[in-house]
Amino acid sequence: MRARRDDLVDAGLSLLAAPLTLPLAAVYAAVITILRASLQRQEAEHASHVLRRFFETGPWGSCFDCLTWLPWTRLLSSTAGFCLYLTASERDEPPAPVPLASDALPPPATNACRLVFISDTHGKHRLLSLPRGDILCHTGDVLSRNACIGPNNGKVHKRAIAGLHDFNRWLASTPHRHRVVVAGNHDAVLEQLGAVGAQQILSNAHYLQDSGVQLEDLRFWGSPWSYLGTSGNRAFQAASPTLPDNKLVVDVLLSHCHHDALAMEVKPLVYASGHAHEWHGIGRGASGIEVNSSICDGLYRAIHLPIVVDIVPPPKSVDRS
């Protein structure tokens, strides 16, 4: 009932703001079209990226989500309690994911572990209505621009620390037995704090920074790596990610950016990443399921669906080399 009332309030705000937001949206679409028609592809993508950054969380916060409420994006969204769901095994091709209301999910099969994947929440975690599960996995960009009003300052500062504490309190309220978090390129405060300092603040999760943990008979490895780029959000950027020890069997691989060579080296059953908001969804990778669980869309609205995967932990003797 509360979610329905909130949606009605958002719809009313959106209608009241339409005289302002619709012309801006039209101008934005026209500018993007002109850029793509007049510039080389790489230049157009860079210019589009710079323009999109204007809409990032920063000073807008969740107000932007409310003022741009659209029925076709919000009625089946993470804020309305929907998710993408599939079951998986080590050998089988995953079936097509099915969008379901979180309270309509079937119970997991015997011995299966229910994983809930999210990423790129960019400070909008409290807008989400997450499905229940055994383990919640967040693959980076907890904050937006390191919680700076302006450009990312790359530092530990008061707003960033407050944002992390709020995120940690929210983690404690989620309906999961365990939570696993890696950082992203927007999360400079986590890079500056280091793995130990970050874990102290994110006490309600297992914080993985080129490290692993075993939960519910599944072995996790997490990396905050993102590729080198021109964005001002440059935390954890490097030419390539750190690889886990080649003797380590990894069932669930988490990295902020997708990396083909990392997937080929590790051969996980499930590989989850984020960063590329427009790639949200599920596919088949080199050895198993690949997930992009970015919650925010290209305009940094929290409308993409969490992804739920039921997986049976493999026998410990399994060798996927």
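The values are calculated or read from the model by the stated rules, or taken from the named source; none is laboratory data. Not measured: the values here are computed from a predicted model. Methodologically, a virtual Cβ is constructed for each residue, glycine included, from the backbone with ideal geometry; neighbour enumeration extends over all protein chains shown. Heads up: the accessible areas ignore ligands, DNA and RNA and are worked out on the full protein's heavy atoms, side chains in. Shrake-Rupley method; radii C 1.70, N 1.55, O 1.52, S 1.80 Å.
Taking θ = phi - 60°, what integer Hz values does the Karplus form 6.51 cos²θ - 1.76 cosθ + 1.60 yield along segment 214-230, in sequence order, with x for Gly and Pro?
10, 9, 6, 6, 10, 9, 9, 9, x, 9, x, 4, 9, 6, 5, x, 9
If the limit is 24 Å between Cα atoms, which of Lys124/Lys155; Lys155/Lys267; Lys124/Lys267 go over it?
Going by Cα-Cα distance, Lys155/Lys267; Lys124/Lys267 fall outside the 24 Å limit.
Might you tell me the accessible area per residue for segment 223-321, computed with a 1.4 Å probe and given in Å²?
39
Which far-off residues, 5 or more places away or on another chain, put their amide H under 5 Å from the one on Ser223, with H placed in the peptide plane?
HN-HN under 5 Å from Ser223: Asp210, Leu254, Ser255, His256.
Explain nothing, just compute: Karplus ³J(HN,Hα) = 6.51 cos²θ - 1.76 cosθ + 1.60, θ = phi - 60°, for every residue of segment 197-213 in order, whole Hz, x for Gly and Pro.
x, 5, 5, 5, 6, 8, 6, 8, 9, 8, 8, 10, 10, 6, 8, x, 7
Mind ordering 294-302, 156-164 by average Cβ neighbours within 10 Å, highest first?
294-302, 156-164
What length, rounded to one decimal in nm, is gained on full extension from Met264 through to Val213, with 0.36 nm per residue of separation minus their alpha-carbon distance?
Length gained between Met264 and Val213: 16.3 nm.
Through the Karplus equation 6.51 cos²θ - 1.76 cosθ + 1.60, θ set to phi - 60°, convert the phi angles of segment 145-162 into ³J(HN,Hα) values in whole Hz; use x for Gly and Pro.
Those phi angles translate into 6, 6, 6, 8, 5, x, x, 4, 8, x, 10, 7, 9, 4, 5, 5, 5, 4 Hz.
Pulled fully out, how much extra length does the chain show between Arg41 and Ala26, if you take 0.36 nm times their separation in residues and subtract their Cα-Cα distance?
This chain segment gains 3.2 nm when fully extended.
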